[in-house]
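Read through the structure below, which is laid out as structure tokens, and then see the notes.
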Amino acid sequence: VVDTSPFTERYQQAGLIAYVDDGLYLKLDHVTTNLAGAAPTSNVELRHETANAVQAPQPTTGPVPRGRIWLRLQKSGTTFTGAYSTDGTTWT
């Protein structure tokens, strides 16, 4: 669980990462998306790079409320899936 309630600026992030190096990783995170001076908005995103290139697809769910966000990253074989919850029970 991450607490994103203090996030107010674009690109502030908290989440999970499976990391080999700067060019090979996968992350599931809560990211603030608002422009400077605008009310805070945020999404949950799943991103990964292989050989320093961002890979498709790049699923994003939002808007997601700030506050306590549960994140779950699962791997089956070579496939990763991500999910989030705002209550720790119901997952998207």
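Could you list, in sequence order, the residues of segment 7-37 that are among the hydrophobic types (A, V, I, L, M, F, W, C), over 17 Å from residue 86 (Cα atoms) and open to solvent by less than 50 Å² (accessible area, probe 1.4 Å)? Explain how you work it out, then say what you get.
Going residue by residue through segment 7-37, those that are among the hydrophobic types (A, V, I, L, M, F, W, C) are 7, 14, 16-18, 20, 24, 26, 28, 31, 35-36.
Still in the list and also over 17 Å from residue 86 (Cα atoms): 17-18, 20, 24, 26, 35-36.
Listed by number, the residues that qualify are 18, 26.
With (1) closer than 13 Å to residue 13 by Cα; (2) acidic (Asp, Glu); (3) more than 13 Å from the chain's Cα centre (by Cα) as the list, and residue 49 as the residue in question, which single condition is left unmet?
It fails just one condition, (1).
What pairs can you find where one residue is in segment 2-23 and aromatic (Phe, Trp, Tyr), the other is assigned to a loop (DSSP other than H, G, I, E, B), and their Cβ atoms are less than 9 Å apart, with a gap of 6+ or different chains?
From segment 2-23, the pairs are 7/40; 7/66; 11/33.
How many residues, within segment 61-80, are more than 21 Å from residue 32 (Cα to Cα) and either among the aliphatic types (A, V, I, L, M) or in a strand (DSSP E or B) (or both)?
At the first step, the residues of segment 61-80 found to be more than 21 Å from residue 32 (Cα to Cα) are 74-80.
Still in the running and either among the aliphatic types (A, V, I, L, M) or in a strand (DSSP E or B) (or both): 74-76, 79-80.
Residues meeting the conditions: 5.
Checking residue 2 against (1) open to solvent by 40 Å² or more (accessible area, probe 1.4 Å); (2) within 14 Å of the chain's Cα centre (by Cα), only one condition comes out false. Which one?
Result: residue 2 passes all but (1).
Going through segment 1-56 one residue at a time, which ones are within 25 Å of residue 78 (Cα to Cα), assigned to a loop (DSSP other than H, G, I, E, B) and not aliphatic (A, V, I, L, M)?
If the condition is that a residue be within 25 Å of residue 78 (Cα to Cα), assigned to a loop (DSSP other than H, G, I, E, B) and not aliphatic (A, V, I, L, M), then 22, 23, 52, 55 are the ones that fit.
Applying the selection to segment 68-84, what residues are farther than 16 Å from residue 27 by Cα and surrounded by 14 or more Cβ atoms within 10 Å (Cβ to Cβ)?
Once the filter is applied, which keeps residues that are farther than 16 Å from residue 27 by Cα and surrounded by 14 or more Cβ atoms within 10 Å (Cβ to Cβ), segment 68-84 yields only 68.
Taking residue 62, is it over 8 Å from the mean Cα position of the chain (by Cα), farther than 20 Å from residue 88 by Cβ and surrounded by 10 or more Cβ atoms within 10 Å (Cβ to Cβ)?
Values: over 8 Å from the mean Cα position of the chain (by Cα): yes; farther than 20 Å from residue 88 by Cβ: no; surrounded by 10 or more Cβ atoms within 10 Å (Cβ to Cβ): yes.
No: the conditions fail for residue 62.
The values are calculated or read from the model by the stated rules, or taken from the named source; none is laboratory data. None of the values given here were measured: they were computed from a predicted structure. Backbone-built Cβ (ideal geometry, glycine too); neighbour counts: all protein chains shown. Note: accessible area is taken over every heavy atom of the protein model, side chains too, but ligands, DNA and RNA are not part of it. Shrake-Rupley method; radii C 1.70, N 1.55, O 1.52, S 1.80 Å.
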